[in-house]
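We did not get these values from a lab; they are worked out from the coordinates using the rules stated. Predicted model, so just to flag it, every value in this text is computed and none were measured. Cβ placement follows ideal geometry from the backbone for every residue including glycine, while neighbour counts extend to all protein chains displayed.
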Amino acid sequence: ISADNNRIARDIAAWKESVAERWDSIKVVSSTRSENLQSASLISGKEFTVRHVVDEQGLDDAVGIDLVVMTGTDGNEHVSEVLPMKLVSREGNLHTFELTASIDLAGSYKVAYRLYPKHPQLANRQDMCYVRWFNSSAANITKQDLSPAEFFLHPGNTSSGLESTLQAGFFASK
């Protein structure tokens, strides 16, 4: 990291500044879900598909999205599974992420999507302290248009608001 007069460190610092400047203008342009996920009538082991189109505001593949699945009730929720979405296409600033997966256990679940900055030179995600939570009905999100389905985790905040951002989904057994 210190080679070439700390070039990598300087590049990472410049990237972090660029992300910080543009983070609030990143938009989820559209979200689609397979019918079984929309109707909350999933069957354990049966696949569902989710697709989000994100306007990265010129950050050039600097964000990732996870589907976070939680179980439990009455404040005793815990993360059951984290499913990373794959970047499937890029058209200008529009990046399309998709996930096809299944949940193998029957039960009641809550799901939300976590958008986060990513860079190949970061040691881990915690090196960049921005996270945006959204559900799939929160398209065209901007900082000025916050909804209950969105939660920002900036430095100094806690994740206590996460529960209010989660969209309930129910999975039935075969």
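What to note about this one:
- Gyration tensor (alpha-carbon) shape descriptor, segment 1-122, a/c threshold 1.5: prolate
- For the pair THR100 and LYS86 in one chain, pulling the backbone fully straight at 0.36 nm per residue adds 4.1 nm over the alpha carbon distance.
- Mean Cβ count within 10 Å, highest first, over the residues of peptides 59-67, 116-124: 59-67, 116-124
- Net length gained if the chain between ASP127 and GLU35 were fully extended (0.36 nm per residue, minus Cα distance): 29.4 nm
- Local electrostatic count at LEU59 - Lys and Arg +1, Asp and Glu -1, tallied over other residues with Cβ under 11 Å: -3
- Each peptide in 7-16, 106-115 gets a packing score, the mean of other Cβ atoms within 10 Å over its residues, and the list from highest to lowest is 106-115, 7-16.
- Proximal aspartates and glutamates to LYS16, defined as alpha-carbon separation beneath 15 angstrom and excluding residues fewer than eight positions away on the same chain: ASP24, GLU56, ASP60, ASP61, ASP127
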